[in-house]
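Visitor: Below are the structure tokens for one structure; questions will follow.
Nothing in this text is a laboratory measurement; each read-out follows from the coordinates by a stated rule. Quick caveat, the model's predicted, so the values are computed rather than measured. No Cβ is skipped: glycine too gets one built from the backbone with ideal geometry, and neighbour counts run over all protein chains shown.
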């Protein structure tokens, strides 16, 4: 599902014009991004939690040359689904 499809479906479900639904989705997206940039976790009850995760240093091997390179540790966004979401998807 693309963002525009999500906006259209949300607009229908909420009984809003698509332009309004798009503004709400954009605002929510921006709020989540800003919270993650501040190092905060964002928890949506019944849905899941967004958080920044540390990935440690690792070794990468170039398949063409066979040369090994060390990749520096990085921070990456992650998502952990709630137990409710897992149950609804039949994963728990």
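Visitor: Relative contact order for the stretch 41-92 using alpha-carbon pairs under 8 Å, separation at least 6, rounded to a whole percent?
Guide: Answer for the stretch 41-92 is 39 percent.
Visitor: Here's something else I'd like to know. Set the Förster radius R0 to 25 Å, insert the Cβ-Cβ distance between residue 30 and residue 91 as r into 1/(1 + (r/R0)^6), and round the FRET efficiency to 0.05.
Guide: That pair, residue 30 with residue 91, gives E of 0.25.
Visitor: State the extension gain, in nm to one decimal, for the chain segment bounded by residue 5 and residue 55, taking 0.36 nm per residue of separation less the distance between their alpha-carbons.
Guide: Length gained between residue 5 and residue 55: 14.8 nm.
Visitor: If you bin every alpha carbon distance in the stretch 1-40 into 5 Å steps from zero, what whole percent lands in each bin?
Guide: Reading the bins upward from 0: 5, 26, 24, 17, 13, 10, 4.
Visitor: Now for a separate question. What is the helix-to-structure angle for 18-37, meaning the angle in degrees between its Cα long axis and the longest Cα principal axis of the chain, kept from 0 to 90 and rounded to the nearest 10?
Guide: 40
Visitor: Taking the Kirkwood radius as the inverse of the mean 1/r across Cα pairs, report the Rg/Rh of the chain.
Guide: Rounded to two decimals, Rg over Rh is 1.14.
Visitor: Still on this structure, I have one more. Measure nothing but the geometry: give the 0 to 90° angle between the long axis through the Cα atoms of 3-14 and the longest principal axis through the Cα atoms of the chain, rounded to 10°.
Guide: Taking the Cα atoms of the chain, the angle to 3-14 is about 30 degrees.
Visitor: Measuring from a point 7 Å past the Cα of residue 83 along Cα-to-C-beta, which residues in the stretch 42-57 have an amide N at less than 18 Å?
Guide: Only 43-50 fall inside the zone, counting backbone N under 18 Å.
Visitor: Let me have the 222 nm mean residue ellipticity of the chain computed from DSSP H runs of 4+ only, each contributing -39500 (n - 2.57), with the sum over all residues rounded to the nearest 500.
Guide: -13000 deg cm²/dmol
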